[in-house]
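Quick notes on the structure that follows.
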Amino acid sequence: SRLRRLGMMLSSSCSQNHLALVDVKGFDPSDVSVTVKDGKVTVSAEHTEEHNTALGKTCNHRKFVKEFSLPPGVDDDEVTYSV
């Protein structure tokens, strides 16, 4: 289950540092970007799908943005992440 996987991820963390998990379900890993700048971590994902149908063209566009402030004393280059 999703809750069990989350628990395993949290318990397998090697250190006591903060850990943020962001649900980007429905996006491919290539759609997701993480930037760290000026004490903020920004997780964004964007995906566009276009389909041609007998009645015309349809376009679905999804976008997600979540921003976190780093704790005081944490340098931008100390942040690691994985998708």
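The values are calculated or read from the model by the stated rules, or taken from the named source; none is laboratory data. Source: prediction; values computed, not measured. Here Cβ is always computed from backbone atoms with ideal geometry, including for glycine, and neighbour counts include all displayed protein chains. The protein model used for the area step is the full one, side chains on, heavy atoms only, and it has no ligands, DNA or RNA in it. Shrake-Rupley method; radii C 1.70, N 1.55, O 1.52, S 1.80 Å.
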**Asked** By how many nm would the segment from THR48 to VAL83 lengthen if fully extended, with 0.36 nm per residue of separation less the alpha-carbon distance?
**Response** 10.7 nm
**Request:** Calculate, for the stretch 29-72, the solvent-accessible area per residue in square angstrom, rolling a 1.4 angstrom probe over the heavy atoms of the protein chains.
**Result:** 76 Å²
**Message:** Check which residues have an amide H placed less than 5 Å from LEU70's amide H, if you skip close sequence neighbours.
**Reply:** LYS40, VAL41
**Message:** I'd like the carbon and sulfur percentage of the solvent accessible area for the stretch 29-72, probe radius 1.4 Å, heavy atoms only, ligands and nucleic acids excluded.
**Reply:** 52 percent
**Fill in**
Place a point 7 Å from the Cα of ASP75 in the direction of its beta carbon; the residues of the stretch 22-66 whose amide N falls under 18 Å from it are 36-41
